[in-house]
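What follows is calculated from the coordinates using simple rules that are stated; it is not laboratory data. These numbers were taken from a predicted model, which means no experiment stands behind them. Backbone-built Cβ (ideal geometry, glycine too); neighbour counts: all protein chains shown.
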Amino acid sequence: MSVFPHPTKSRASRTCILHLCADVEPDSPGREVVGLASLTQRSGWRALIASSGGRLSQDAERVAVRHITVPFYRTSVVGRWRNQAQIKTLANKERPALIHAHGLDVTPYALAAGREARTPVVVDLTQPIHADLRTHKIFDVIKKSSALVR
């Protein structure tokens, strides 16, 4: 009799980080996402990038980072709902240890997926933020979500 549990019967460990970004173009957020994902991959964890695509998606796949295309440019209610369902399904299937949202545009998707999958969410805001009503609503959701964690 073995002391260690059978690998198929034990709960799979969470060794994946899901990076969400609006797109992976050669600007600073896109390069940051691909760089962090490649470092994650080199450290022995799995890295996933979900974005609208871009020129750096091939660079990510070249270093064995899986890229999932999610059309974040959709602005209709149905389009946003489909994107959110796709991210939630991805988070439930892949079971990431962390969801890393790069930018304010993908933060609502990350928070919804993190809430459903019970996964911590990190929001990375490296771009200038405009003070408008939409931004304040997103910050209120972030504050409420972080208050639930504490």
What does the net charge come to around Q41 if you take all other residues with beta carbon closer than 13 Å to its beta carbon, with K and R at +1 and D and E at -1?
+2
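Taking the Cβ of E25 as the centre, find all other residues whose Cβ is under 14 Å away and add up their charges (Lys, Arg: +1; Asp, Glu: -1).
Net charge in that neighbourhood comes out at -3.
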In Å, what Rg and Dmax follow from the Cα atoms of region 20-147?
14.0, 41
Taking H placed 1.01 Å from N in the peptide plane, check which residues at least 5 places from H19 or on another chain put their amide H under 5 Å from its amide H.
L48, I49, A50, H100
Evaluate E = 1/(1 + (r/R0)^6) for T69 and A131, where r is the Cβ-Cβ distance and R0 equals 41 Å; express this FRET efficiency to the nearest 0.05.
0.85
In region 13-143, what percentage of the DSSP-assigned beta bridges are antiparallel, given to the nearest 5?
0
Sparse-neighbourhood loop hits (trypsin sites (Lys or Arg not before Pro), region 49-105; DSSP loop; Cβ within 10 Å at most 12 others) -> R55
